[in-house]
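Chemist: Sending over a structure as structure tokens; questions will come in a sec.
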Amino acid sequence: MSGKRTALVTGGNRGIGLAIAKGLIAQGLDAVIGARNADEGAKAAQAIGARFVQLDVSDPSGMDAALAEAGPLDVLINNAGVLSTDPVLDNPQAFDDAIAVMLKGPYELIRRVAPGMAERGYGRIVNVSSEWGSFASGLAGPGPYGLAKAALNGLTVAAARDLPSSIKLNSMCPGWVRTRMGGEAGSKSPEEGADTAIWLATLDDDGPTGGFFQDRKPLAW
């Protein structure tokens, strides 16, 4: 793998995450799939020629070991997600899970990988978010999902300000994708949903940072 940039995709064992990993491999990157389920993750990684590390993004205590196994990262894709349709005030556990997976997990991973990226003078971080977490679209996500994605968008803006210009950090919305979470009625394939994330993961040095994108175009916050 010498000479290749290395990308970690969380929740990369299926759906949009797997499509992102495949697309990054096609771009010449060394893709590492991070997944909570070791059997599913290893099987998915083997199928596309990626590596696998066991990673539960809701458990920061295991992150250092997973990152050490992955090796120095040039690209981080925070893709792992959970969806609850319970009313936001009815299910405190669903709220805690959403924040742990879609806000605290990305925060902890960014904190851990950004110093190495800065030292090496290159980094691309993509937060897979949703228009459902956009105030401009009425925060339409069900239950705690939209709240967690809105907070992830906020983290994108705040953290991008603090990072050196060599690290590009952006959020993106894949759209309604045909996945286990999105359902079979979605208007996009996983590959179509992954396209903007792959673009952001491979931005040139003059590319944007601190933005929110869909179909490679800016999206209202």
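Chemist: Please state which one of Val9, Val53 is touching a helix residue (DSSP H, G or I) at 6+ places or on another chain (Cβ under 7 Å), under 22 Å from Leu163 (Cα atoms), outside any helix (DSSP H, G or I) and modelled with pLDDT of 95 or more. Spell out the reasoning first.
Modeler: Values: Val53 fails: under 22 Å from Leu163 (Cα atoms).
Going through Val9, Val53 in turn, the sole match is Val9.
Chemist: Shifting gears a bit: Determine whether Pro174 is farther than 24 Å from Ala31 by Cβ and assigned to a loop (DSSP other than H, G, I, E, B). Steps first, answer last, please.
Modeler: Numbers: farther than 24 Å from Ala31 by Cβ: no; assigned to a loop (DSSP other than H, G, I, E, B): yes.
Spelling it out, it is not the case that Pro174 is farther than 24 Å from Ala31 by Cβ and assigned to a loop (DSSP other than H, G, I, E, B).
Chemist: Does any residue of segment 56-78 turn out to be of a type outside the set (Gly, Ala, Ser), in contact (Cβ under 8 Å) with a residue 60 or more places away in the chain and farther than 18 Å from Leu8 by Cα? Even if it seems obvious, please write down each step before you answer.
Modeler: Restricting attention to segment 56-78, the residues satisfying the condition of being of a type outside the set (Gly, Ala, Ser) are 56-57, 59-60, 63-64, 67, 69, 72-78.
Subset that is in contact (Cβ under 8 Å) with a residue 60 or more places away in the chain: 72-78.
Next, only the ones that are farther than 18 Å from Leu8 by Cα stay: none.
So far as segment 56-78 goes, no, none of its residues is of a type outside the set (Gly, Ala, Ser), in contact (Cβ under 8 Å) with a residue 60 or more places away in the chain and farther than 18 Å from Leu8 by Cα.
Chemist: Here is a check on your reading of the model: is Asp162 of a type in the set (Asp, Glu) and surrounded by 15 or more Cβ atoms within 10 Å (Cβ to Cβ)?
Modeler: Values: of a type in the set (Asp, Glu): yes; surrounded by 15 or more Cβ atoms within 10 Å (Cβ to Cβ): no.
Taking the combined requirement at face value, the residue does not satisfy it.
Chemist: Working only within segment 1-23, note down all residues that are among the aliphatic types (A, V, I, L, M) and either farther than 13 Å from Gln46 by Cα or free of Cβ contacts under 8 Å to residues at least 24 places away in the same chain (or both).
Modeler: Met1, Ala7, Leu8, Val9, Ile16, Ala19, Ile20
Chemist: Could I ask something else about it? Identify the single condition in (1) in contact (Cβ under 8 Å) with a residue 12 or more places away in the chain; (2) surrounded by fewer than 17 Cβ atoms within 10 Å (Cβ to Cβ); (3) of a type in the set (A, V, I, L, M, F, W, C); (4) assigned to a loop (DSSP other than H, G, I, E, B) that Ala118 does not satisfy, given that it satisfies every other one.
Modeler: (4)
Chemist: Return the residue satisfying two criteria in turn: it lies in segment 143-165 and is hydroxyl-bearing (Ser, Thr, Tyr) and assigned to a helix (DSSP H, G or I), and of such residues it is nearest to Asp205 (Cα to Cα).
Modeler: My answer is Thr156.
Chemist: Please count how many residues of segment 16-35 are in a loop (DSSP other than H, G, I, E, B) and touching a Ser or Thr at 6+ places or on another chain (Cβ under 8 Å).
Modeler: The qualifying residues number 2.
Chemist: How many of the residues making up segment 12-48 are modelled with pLDDT of 95 or more, touching a Lys or Arg at 6+ places or on another chain (Cβ under 9 Å), farther than 22 Å from Val113 by Cα and not aliphatic (A, V, I, L, M)?
Modeler: Counting residues in segment 12-48 that are modelled with pLDDT of 95 or more, touching a Lys or Arg at 6+ places or on another chain (Cβ under 9 Å), farther than 22 Å from Val113 by Cα and not aliphatic (A, V, I, L, M) gives 1.
Chemist: Mind counting the residues in segment 83-95 that are out of contact with any Pro (no Cβ under 9 Å at 6 or more places or on another chain) and in a loop (DSSP other than H, G, I, E, B)?
Modeler: Within segment 83-95, residues that are out of contact with any Pro (no Cβ under 9 Å at 6 or more places or on another chain) and in a loop (DSSP other than H, G, I, E, B) number 2.
Chemist: Restricting attention to segment 121-142, report how many residues are assigned to a loop (DSSP other than H, G, I, E, B), surrounded by fewer than 20 Cβ atoms within 10 Å (Cβ to Cβ) and either touching a residue at least 40 places away in the same chain (Cβ under 8 Å) or within 15 Å of the chain's Cα centre (by Cα) (or both).
Modeler: Number satisfying all stated conditions: 3.
The values are calculated or read from the model by the stated rules, or taken from the named source; none is laboratory data. Every value quoted in this text rests on a predicted model; they were computed, and no experiment measured them. Note: ideal-geometry Cβ built from the backbone for every residue, glycine included; neighbour counts use all protein chains shown.
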